[in-house]
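Below is one structure, written out as structure tokens; the observations come after it.
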Amino acid sequence: MADDKATDDKVIGDRAPGSPPPASKNATRGLNGKMLGKLLVIAALMFGFGYALVPIYKQICELTGVNVLTQADDTVTRDPNTQVDKSRTITVEFDANARGPWRFRPTVASLQVHPGEMAQVVYEVVNTEARSVNAQAIPSYAPMEAGQFFKKLECFCFRQQTLGPNEARQMPVVFFIDPALPKNIRHLVLSYTFFEIAGTPDVAKPAVRATPT
């Protein structure tokens, strides 16, 4: 009995004061391993969801017509620089997200415009691969309610784009902010996500001249 007690005292004495017993350490390692596994699964799901947006968008196009999500603002009919509200200044910030083999960015970070004032921003894209790719840009806005007041007269998002091997291209966006924008909104963000899309983009067919008979 005395020998057993001495042995127990020696084992306890060898362990640092306040340190958990070996069984507790093993349990902690097990919990950490499970947590790491869950985090890896979540990261993989998020990564997969980002790329799943491409076929989802393609299915929407096939069901409802190509580029219906980014149609031109055909209802915009106004003379440049008319009905400009110079009493208000809106800061428009530009953002870009690439979902394909390219570099994609706005050439300026932001612009300050008056509601009703015509403005232009240029986005730059560089195809980093030695092959042609088809792409579609999808715009988004923050705050979301500002989207209906952001009027685009010219935009590369109106149709699919084809980039040649290693091609660099500058693509303008001509826009104005509707003066009806709520007065509490003084800052908004225009963001484009540039997706790679399989297939042949829409190309306008040249007009055929009638042959006299």
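We did not get these values from a lab; they are worked out from the coordinates using the rules stated. Note that this is a predicted model, so its numbers are computed, not measured. For neighbour counting, all protein chains shown are included, and Cβ atoms are generated from backbone atoms with ideal geometry for every residue, glycine included.
Per 0.36 nm of contour for each residue apart, how much would the distance between THR162 and MET144 grow if the chain were fully extended, relative to their Cα-Cα spacing?
Gain on stretching THR162 to MET144: 3.6 nm.
Which FRET efficiency value, to the nearest 0.05, is calculated for GLU196 and LYS34 with the Förster distance at 35 angstrom and r the Cβ-Cβ distance?
After rounding to 0.05, the efficiency reads 0.45.
Fewest to most neighbouring Cβ within 10 Å: what's the order for HIS187, HIS114?
Fewest-to-most Cβ neighbours within 10 Å comes out as HIS187, HIS114.
Just grab the label-to-label distance for LEU153 and ALA180, each label 7 Å out from Cα along the Cβ direction, in nm (one decimal).
Each label point lies 7 Å from its Cα, and together they span 1.9 nm.
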